Amino acid sequence: MSIQFYNRRGTGSIKWDRIGEDVLPLWVADMDVASPEVITEAISRRLQHPVFGYTDPDDEFFRSFAEWTARRQGWRPERKWQLYAPGMMPAVRALVAGFAEPSQGVIVQSPVYHPFFTAVTGQGRKLLENPLVRREDGGYEMNLRELEQLAALPDARVLLLCSPHNPVGRVWTVGELEAMMNIVVEHNLVVVADEIHGDLILPGNRFESLGRFLTREPWADRAEDSVVVLQSPGKTFNIPGLPSCQAVAAGEGLRRGVRRSFEAAGFDISNILSLEASKAGYRGGDAWLDEVMDHVAVNRGLLARGVSRLAALVGAGNSPGALPESGDAPGHGVTEAGGSWLSPAQGTYLAWWDASPLCRFFKLDAEQLNRRIRDEAGVFFSSGPQFGAGGEGFLRVNLGCSREMLREALERLEAWLTKVVAAEPGVR
């Protein structure tokens, strides 16, 4: 198998067509890789039938997902636990509205995927921020002490968990999740786990789905009324334009609440082609996904060295606690900062770049820096501040692109910054 990457300009792509024609897009979190052939073949077969009426997810839709999680993640949801939703963020918004009343509190762990904020405040719920703690090595961990304080508030109802975490790339450990779940259960919260990146794990790491807490002792009975797991093939197989979502709730009472939330949100129609794509990917997308994540790991090493050179150009050395990084082998530099100003990551195809040396050099915030890079170097990222507290000075980089495009982006950045530094005597 050999994965293929495409220039998507002129296809209506948000990632490519919302920015200038000569700008390289390393922002929106979808990839430029062709989806698995098993998916395109399944869609082609379905298109041979010329009627596209209202369609329910069939047993195979739910069975293929359960077999995938058993094979890839080590847990198998029962059929009765599963519900369909037409996309990850529609499901998140519906559950926020369903489990928290207006003005009640929803906890989010920033910096985090920015639609979480509007899912809360845009529906009149109270945002309770529980910022992650950044360690000396540039990695992140949960602030469990503050989480417990927020959970103890009388109006706290929901915790939105991003797992693996977007944008910082953390794959939470069993120990971290157990500590979090002790707080959730003690304070009678509902944790809504957005696990859309759960299959995008860098080589040498393992994803711990919160769903495993529903299928193993001593957690199965304790967690069944507290955990809603949301997964989707959208990121896994690069089909976000064919949205669907599997919701898993083990407790009968909790599941009734999920169903009511989805009905209130109008989740009564599914997309025929997204159902076919989901089944096909979960049945036969393993080898394709493994190749994609090997590619991402190599891209990460390339980016690490590139941004280290950029930092050096403005007089910054290695980030605190960083280790030297070299080589292009898959998996290299996956769990270490690597002297590159990248946060250590275990999952996703996104990189969280500490661009603060460039911000200081230009006397700009990250949003302003990103615009200047776009206008002068022809490369565009996602700006850190949109991810909330802790995003200042950061840029998020999408590594789901061809090696050639990433190299060109880094070459553009280095040529641009070299020229700027040369024009500013005495920078160092």
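The values are calculated or read from the model by the stated rules, or taken from the named source; none is laboratory data. Note that the structure is predicted; figures quoted are calculated from it, not measured. In this analysis, Cβ positions are derived from the backbone assuming ideal geometry, glycine residues included, and neighbour counts consider all displayed protein chains.
Details
- Selected residue [crowded, with 21+ Cβ neighbours inside 10 Å and under 26 Å from PHE62 (Cα atoms)] from ALA151, ALA193, ALA220: ALA193
- Test: residue in the stretch 119-130 that is hydroxyl-bearing (Ser, Thr, Tyr), part of a loop (DSSP other than H, G, I, E, B) and either out of contact with any Ser or Thr (no Cβ under 8 Å at 6 or more places or on another chain) or at pLDDT below 95 (or both): no
- Residue in the stretch 231-250 that is over 24 Å from HIS165 (Cα atoms), assigned by TED's automatic domain parsing to the domain that holds ILE183 and without any contact (Cβ under 8 Å) to a residue 60 or more places away in the chain present: no
- Count of the stretch 90-109 residues, restricted to those that are within 17 Å of the chain's Cα centre (by Cα) and either in a strand (DSSP E or B) or surrounded by fewer than 20 Cβ atoms within 10 Å (Cβ to Cβ) (or both), is 2.
- Any hit, the stretch 65-76, residues being assigned by TED's automatic domain parsing to the domain that holds LYS279, among the aliphatic types (A, V, I, L, M) and touching a strand residue (DSSP E or B) at 6+ places or on another chain (Cβ under 6 Å): no
- Residue that is out of contact with any Leu (no Cβ under 7 Å at 6 or more places or on another chain), more than 18 Å from LEU358 (Cβ to Cβ) and either in a helix (DSSP H, G or I) or assigned by TED's automatic domain parsing to the domain that holds GLY306 (or both), where the choices are GLU411, GLU404, GLU392: GLU404
- Residues located in the stretch 130-139, provided they are under 27 Å from GLN104 (Cβ atoms) and buried (at least 16 other Cβ atoms within 10 Å of the Cβ): ASN130, PRO131, LEU132
- Matching residues, the stretch 1-30, being closer than 19 Å to ILE239 by Cβ and in contact with a Pro (Cβ under 7 Å, 6 or more places away or on another chain): LYS15, TRP16, ASP30
- Verdict on ASN188 being modelled with pLDDT of 95 or more and more than 30 Å from TRP341 (Cβ to Cβ): yes
- In the stretch 138-183, the residues that are out of contact with any strand residue (DSSP E or B) (no Cβ under 8 Å at 6 or more places or on another chain) and not in a loop (DSSP other than H, G, I, E, B): LEU144, ARG145, GLU146, GLU148, GLN149, VAL174, GLY175, LEU177, GLU178, ALA179, ASN182, ILE183
- Qualifying residues in the stretch 131-149 (those that are within 18 Å of the chain's Cα centre (by Cα) and not charged (D, E, K, R)) - the one farthest from VAL112 (Cα to Cα): GLY139
- Condition check for GLU136: at pLDDT below 95, in contact with a Gly (Cβ under 7 Å, 6 or more places away or on another chain) and under 30 Å from ALA351 (Cα atoms): yes
- Applying the criterion of being surrounded by fewer than 23 Cβ atoms within 10 Å (Cβ to Cβ) and out of contact with any helix residue (DSSP H, G or I) (no Cβ under 6 Å at 6 or more places or on another chain) to the residues of the stretch 202-217, the residue that is farthest from ASP294 (Cα to Cα) is GLU217.
- Failed item in (1) surrounded by fewer than 14 Cβ atoms within 10 Å (Cβ to Cβ); (2) free of Cβ contacts under 8 Å to residues at least 24 places away in the same chain; (3) within 25 Å of the chain's Cα centre (by Cα), with SER44 passing the rest: (3)
- Taking residues in the stretch 394-415 that are surrounded by fewer than 17 Cβ atoms within 10 Å (Cβ to Cβ), and partners anywhere that are β-branched (Val, Ile, Thr) and part of a helix (DSSP H, G or I), the pairs with Cβ atoms closer than 8 Å and at least 6 places apart or on different chains are ARG403/VAL298.
- Some residue of the stretch 125-137 being among the hydrophobic types (A, V, I, L, M, F, W, C), closer than 24 Å to ASP354 by Cα and in contact with a strand residue (DSSP E or B) (Cβ under 7 Å, 6 or more places away or on another chain): yes
- Among residues of the stretch 120-134 that are closer than 22 Å to HIS165 by Cα, those with a beta-carbon under 8 Å from a residue that is acidic (Asp, Glu) and assigned to a loop (DSSP other than H, G, I, E, B) at least six positions away or on a different chain give the pairs LYS126/ASP155.
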